[in-house]
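The block underneath contains the structure these notes are about, expressed in structure tokens.
Nothing in this text is a laboratory measurement; each read-out follows from the coordinates by a stated rule. Just so it is clear, the structure is predicted and the values come from calculations on it, not from any experiment. A quick note on method: Cβ atoms are made from the backbone with ideal geometry, for glycine too, and the neighbour counts reach across all protein chains shown.
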């Protein structure tokens, strides 16, 4: 308390004092709560919990002993019966000629599966080549253009050297592919007309 004007006045509580009191209360609760909880659990579950654990252990031991006794009392199962295989039939080996014929048949089926698409493409290519060659042979201007183009490409490749020949060959191949792509519908149309006329 402080004296001011001859009167006694109480001192105002400070924030630091309040914090100090609250800190002391928290410390006291931190010590008291765990002990109180432990005591209340011991009071509530002490006897009951111990009895429950004891009963559970006894029941588990009794069950294990009962299973062990039941396992000893059971008789072992009878051995499984092994099925008796019927006598194997006598296998007659095929003759050499039969094996050769079977091998040739397998080879023929393999060739038919693998070679048939290739042969079909070759036949189509040969038919297109014959059609173009026939049209070229019957047409004098087409034969002259073909001869001049081939001769020019050959001489150009000779004079240009290996790199120039490769470039020229690439350009000629591109031109042939483009003309074939443009001419394919016309070739199909001509082939259809030819089939209808026969």
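Descriptive notes on the structure:
- Kirkwood-based shape ratio for region 119-197, expressed as Rg/Rh from alpha carbons: 1.06
- The calculated 222 nm mean residue ellipticity attributable to helices in the chain amounts to -30500 deg cm²/dmol, summing -39500 (n - 2.57) over DSSP H runs of n ≥ 4 and dividing by all residues.
- Overall shape of the chain was characterised from the C-alpha gyration tensor. The equivalent ellipsoid obtained from it has semi-axes of 105, 57, 17 Å, in decreasing order.
- Degrees, to the nearest 10: 96-138 long Cα axis against longest axis of the chain: 60 degrees
- Taking the number of Cβ atoms within 10 Å of each Cβ as an exposure proxy, the fewest-first ranking of 53, 132 is 53, 132.
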